[in-house]
Structures are given as C-alpha cells and as structure tokens.
Amino acid sequence: MDSGGFLVAAIATGLLLTATSPGSVFAVAAAVAAIAVLVLTGVRKDSRPEYADEEELSGVLRETTLGLRALGARPPEIVVDDASAVRVILALALCVGYAGGLLGHGLPFWLTSAAFIFIAILSFRWLDRDAETPGLARLAASSAAIAVGAALVISLLFEQVFLVRLP
C-alpha cells in the first residue's frame, strides 16, 4: 500500500511539474498535507490498555537483565537450504551483471533492462517450477512479454514524465 502511494505521488508530481511550475507543486503538496491533517483529526484514538497491578510489574533493571540474557543465549539455528543460497547468489549475480556489465555500455536502456528482466523472471520461475509449470518455451515467451513491456514502460516513464536521460 505504501509503495503504491509513493508511486502515485511520484507520477502525479512529475506530471504536475511537467504541466506547471515548482511553486504549483508545493502549493498542491501543502493542500494535500492540510487535507491529511483534517482527515486524521477525525480518527478516534484507541482506549488505553489495562495493565497489571503495580505489584505484578517488574522493574526496569529486571527487564533489562532478562533482555540481555536472552541476547546472550544461544541463538536459534537458521537453516539455509541449497535453494535459498542459489536464489541469493543468482539475484546478486544478476544485479551486479546488470548494473556493472550491461548499463551504459552502448546498448539502449530499454534493451538492457528488457534483457535483465527477462533473464531474472525466467531464472526464478525456472527455479520455482513444479509438475504443473509449463514448458521452457512457454515460460520464455511469457517472461519475454513481461520484460519488454516493463522495460518500455519504465523507459517512457523516466524519459517522458520524469525527464531523466537514460543511457
């Protein structure tokens, strides 16, 4: 929900900035903040929770001691299976390859991004396959459609709305 709100706000700000001036953007932001304050003043506060009697409560020193003992205790065992390790290594390799190897080396941004998105989607879908997963050709076709669509939308959004020159 938060991410969607940030995305909508960023797009709206970019569109407003493209159509008007920075002063208009600040005026609209101030108006939205004022409306948010008015809406939030109508929100009912939660009632105060009922606590145990004072005699049952322990002191700060005791609670701190118990917390430190818990931190010093043997930590729970974290099980990392081979599939998790492979996914993390694959994600790191893809991101480093995209940022360090593909971007800014002559290919258009949309093509580089489409290749990255295609390889990432196809790789992770292939790792997650089961008996009901369609064949490689079908996975590749759907991954390519998503990748090209996403790359074009991202490129157009940055170049036309946010006015950012892409490599």
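Each reported figure results from applying straightforward, stated rules to the coordinates on display, with no laboratory input. Only a predicted model underlies this, so the values are computations on that prediction, with no experimental measurement involved. Every residue, glycine among them, receives a Cβ derived from its backbone with ideal geometry; neighbour counts consider all protein chains shown.
Find, to one decimal place in angstroms, the Kirkwood hydrodynamic radius of the chain, where the mean of 1/r is taken over every pair of different Cα atoms and then inverted. Before the final figure, lay out the partial values.
Numbers: mean 1/r = 0.0452 Å⁻¹.
When all Cα pairs of the chain are included, the Kirkwood radius is 22.1 Å.
Per residue and in cubic angstrom, what volume does the convex hull of the Cα atoms of region 1-41 have?
Values: hull volume 2.3 nm³, N = 41.
Hull volume over Cα atoms, normalised by residue count, gives 56 Å³.
In the P(r) worked out for region 82-161, what percent of Cα pairs fall beyond 22 Å?
On the way: 993 of 3160 pairs.
Within region 82-161, distances greater than 22 Å cover 31 percent of Cα pairs.
Work out which trypsin sites (Lys or Arg not before Pro) in the chain are exposed loop sites (DSSP not H, G, I, E or B, at most 11 other Cβ within 10 Å) and give the longest gap free of them. Don't skip to the answer; put the middle values down first.
Values: sites that count: ARG44, LYS45, ARG165.
Longest stretch, sites excluded: 46-164.
Can you give the direction-averaged projected area of the convex hull of the alpha-carbon atoms in region 84-130, in nm²? Show your work: numbers first, answer last.
Values: hull surface 12.7 nm².
Its Cα hull, projected and averaged over all orientations, spans 3.2 nm².
Using the Cα centre of region 82-161 as the reference point, and only Cβ charges (+1 on K/R, -1 on D/E), how large is the resulting charge dipole? Debye, rounded to the nearest 20.
Numbers: 4 positive and 5 negative charges, 17 e Å.
It comes to approximately 80 debye.
In whole angstrom, how far apart do the alpha carbon centroids of region 1-47 and region 83-143 sit?
35
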